[in-house]
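Peer 1: Can you keep this structure in mind? I'll have questions shortly.
Computed from the coordinates by the stated procedures, all read-outs in this text should not be read as laboratory data. Owing to the predicted nature of the structure, the values given are computational and were not obtained by experimental measurement. Please note: Cβ atoms are built from the backbone with ideal geometry, for glycine as well, and neighbour counts cover all protein chains shown.
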Amino acid sequence: MSGRRIYVDIDDVLSRTVESLIDLLERLHDRRVDVSDCHHFDLGRSFDLDDESLGHFMHHAHADEVIVSIEPVEGAVETLDRWSALGHRVTLVTGRPPRTREASLRWLDSHGIEHEALHHLDKWNRPSWNEQDLPALRFEEIADFGFEFAVEDSLETAVRLIEEFEIPVALMDRPWNRDVGLLSRKTRANLVRCRGWDEVTSRFGAAAEGNAAAEGNAVAEGNAAVRSGTSPLRGADEGGER
Ligand SMILES: [Mg+2]
C-alpha cells in the first residue's frame, strides 16, 4: 500500500492564504472582507478590486515576505508527515507563478511540510504568469504523474483533474467552490467535499492510510468510477452547499 502518488495544492489547502490576503487588503486598502463573503475564486471580485488594483495587489501578494508569513492550515503538516512516513509520494502542484518558488520552498521548509516535489502549473491561463519563462508544468503533463487522488480548493482545476485525467479530488470546502450545480453527476461523484484535513484523511483514508483491506479501497474505486461513471463516492458533494 505504499508509494501512492498524491497531488496537493498549496494555497487554501496547505496554507491559510485567503486569510493572509485579507490582512494584506487591510494594509493596502484600509478595509477587510469576511472569508465567508469570498464567493468568487477571482480575488478581483471577492475583494472588489478593478483590474489595475488587482494587478498591484497580486504583485504584493507574491512578495517573499507575504508568502513566508502565511500560516499553515490546521492538520496539513501532520497529514503530509504521516503520508510521507507511510511511503506515499506527495507532489505539490501550485498555481503560484514560478517566480514565487524560492519563497514557497522556504515556507515549506520552515513548517517542515513533507513533499517529494513542487511544481508550478498555470492553472487559469493568466497573462504574465511566467514572463521570465521559468520552469513550469503544462496541464497535459499531469497525466504523466499517475496521481491517485488530488487535494484542491479551485473548483475549476478540480473539474479538469476529474474530467481530463480521471483523478478523484478531495475538494477543500471554501466559500468560492460551493456552486457545483452545473457539474455532471459523474463529475460530482468524484468530487469529495472535505471540511478539513481530518475529513480528507477519513474520506480517502482507506487508500492513503494503508488500511485498504479493512475499509475498502476508496481511491481505487473512485478511479474506476471515473472511468465507468459509477462511484462509491456518489453523493459525497450533495448537501455540501451552504
Ligand atoms: Mg489553492
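Peer 1: Please compute the net charge surrounding E78, taking Lys and Arg as +1 and Asp and Glu as -1 over other residues with Cβ under 12 Å from its Cβ. Kindly include the intermediate steps, with their values, before the conclusion.
Peer 2: Working: positive: R82; negative: E74, D81, E114, D198.
Neighbourhood net charge equals -3.
Peer 1: Once the principal axes of the Cα atoms of segment 17-67 are found, what is the range along each, listed largest first in whole angstroms?
Peer 2: 27, 21, 20
Peer 1: Report the net charge of residues surrounding W124, where surrounding means a beta-carbon distance below 10 angstrom and charges are Lys +1, Arg +1, Asp -1, Glu -1. Mind showing how you got there, number by number?
Peer 2: Details: positive: K123, R126; negative: D42, D122, E156.
Charge balance near W124 sits at -1.
Peer 1: Rounded to the nearest 0.05, what FRET efficiency is calculated for R31 and D51 with R0 set to 25 Å and r the Cβ-Cβ distance? If you can, show how the numbers build up before the last one.
Peer 2: Numbers: r = 18 Å, r/R0 = 0.74.
Working from the Cβ atoms, E equals 0.85.
Peer 1: Same structure, new question: At most 12 other Cβ atoms within 10 Å and a DSSP loop assignment: could you name the chymotrypsin sites (Phe, Trp or Tyr not before Pro) in segment 108-180 that fit?
Peer 2: On the way: sites: W124, W129, F139, F145, F147, F149, F165, W176; in loops: W124, W129, F147.
Counting only loop positions with at most 12 other Cβ atoms within 10 Å, the chymotrypsin sites (Phe, Trp or Tyr not before Pro) in segment 108-180 are W124.
Peer 1: Another question, if that's okay. Rounded to the nearest 20 debye, what is the charge dipole size of segment 17-67 about its Cα centre when +1 sits on each Lys and Arg Cβ and -1 on each Asp and Glu Cβ?
Peer 2: Result for segment 17-67 is approximately 60 debye, rounded to the nearest 20.
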